[in-house]
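Scroll down for the structure; my scribbles are underneath it.
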């Protein structure tokens, strides 16, 4: 990837990390585990999921890839980068390995795990000189894609959960002060 692509990815990785972490600013450790209904995720669950996905998909682009016979185009990559994290009206069941189980114990620890994983992703992208459009890998739900497309997904995935966190905060029964509620 050339320096302008690398810089764009690094900038977007930093921006979406900041946006995601900002969505947690006013969430206490007591509010983190609140579930609007028993079969939905809490804010802490969302953060755990994001940390697990960041770690797993990083491994896909850095270790678990195959050379592509021909380069992938940049169109799908751009669509992903401009998706804002996707449509929350379309519910998606995450793979079992990225479903929250409480493995981090607290909202703070889950956020710390995400930040550490994102730092690793940023460091890798900063040092990457390979053409990620010449690497293919598989997303567990989206199927075969270029490593550049998967990196674009890594960039925007937290934004989907920023939307989910806002929905939880606006929901009935959310404990404590709720910004933006009527």
Item to check | Exclusive hit being modelled with pLDDT of 95 or more and closer than 14 Å to residue 50 by Cβ, set 94, 106, 112 | outcome: 112
Checklist entry - Residues in the range 145-162: is at least one surrounded by fewer than 16 Cβ atoms within 10 Å (Cβ to Cβ), touching a strand residue (DSSP E or B) at 6+ places or on another chain (Cβ under 9 Å), touching a residue at least 12 places away in the same chain (Cβ under 8 Å) and in a strand (DSSP E or B)? => result no
Checklist outcome for this item: Per the filter on the range 17-30, residues modelled with pLDDT of 95 or more and in contact with a helix residue (DSSP H, G or I) (Cβ under 7 Å, 6 or more places away or on another chain) are 17, 19, 20, 21, 23, 24, 27
Checklist entry - Limited to the range 128-144, what total is found for residues that are within 18 Å of residue 84 (Cα to Cα) and buried (at least 17 other Cβ atoms within 10 Å of the Cβ)? => result 0
Checklist entry - Looking at (1) touching a helix residue (DSSP H, G or I) at 6+ places or on another chain (Cβ under 9 Å); (2) under 28 Å from residue 135 (Cβ atoms); (3) part of a helix (DSSP H, G or I), which is the one condition that is false for residue 4? => result (1)
Item to check | Which listed residue, of 148, 138, is more than 30 Å from residue 35 (Cβ to Cβ), at pLDDT below 95 and touching a helix residue (DSSP H, G or I) at 6+ places or on another chain (Cβ under 8 Å) | outcome: 138
Item to check | Within the range 18-35, tally of residues that are crowded, with 18+ Cβ neighbours inside 10 Å and more than 16 Å from residue 163 (Cβ to Cβ) | outcome: 3
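The values are calculated or read from the model by the stated rules, or taken from the named source; none is laboratory data. Keep in mind it's a predicted model, so treat the numbers as computed, not measured. Neighbour counts run over all protein chains shown; Cβ positions are idealised from the backbone, glycine included.
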